[in-house]
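Please treat every number below as a calculation from the coordinates, not as lab data. Given the structure is predicted, the values throughout are model-derived calculations rather than measurements. Counting neighbours? That spans all protein chains shown, and the Cβs are built from the backbone with ideal geometry, glycine included.
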Amino acid sequence: MGKRGTKPLPTSLKIERGTIQASKIKQEIELPVISLYPEPPERFNDYSKGAWQYLLPKLMGFKIVSETDLFQFENMCYVYGEWRKACDEVETGGMTYVSDKGNIMPNPMVHIASSMFKGYNQIAAKFGLTPSDRVGLPNTATKKVDPLEELMNAANGG
């Protein structure tokens, strides 16, 4: 049975959200983030490579991917590629097929696509790629710097 309750947030995420409490700071292992873009693995299909090439630079920009995270990220991209392949199979073969006995049967690729999609979402949540995992994060991209405030801070030594 898994752990109960909400998952603990990393200290860096609490600081980013502004919800850190000094009395509850836990010592975390700080792993160095990757700075050089690694190429996608050769075994990837085109969908997996596309996910790698699209997502990794964005995650590297947030400085949240360490070398040890690459294994999980690789799994996520692989599962995404397999999900897309299964979706293509369903699209061409349909949701059902007629068996040798004339019975209408569900296409097995529907189940495979469903399980791959669930697996992708579970891993994507760990990287903050689902909307519910981004709730509460400040939008730093639209944060404007007030030139007067910046000048005053510089004059005050801060």
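Before moving on, here are some points about what is shown:
- The lysine pair tally for region 1-121, using Cα distances under 25 Å and a gap of 8 or more places or different chains, is 22.
- Descending by average beta-carbon neighbour count within 10 Å, the peptides 16-22, 50-56 line up as 50-56, 16-22, the highest first.
- Residues M95, M109, arranged from fewest to most other Cβ atoms within 10 angstrom of their Cβ, appear as M95, M109.
- Proximal charge balance of P40 [Cβ under 11 Å; K/R count +1, D/E count -1]: -2
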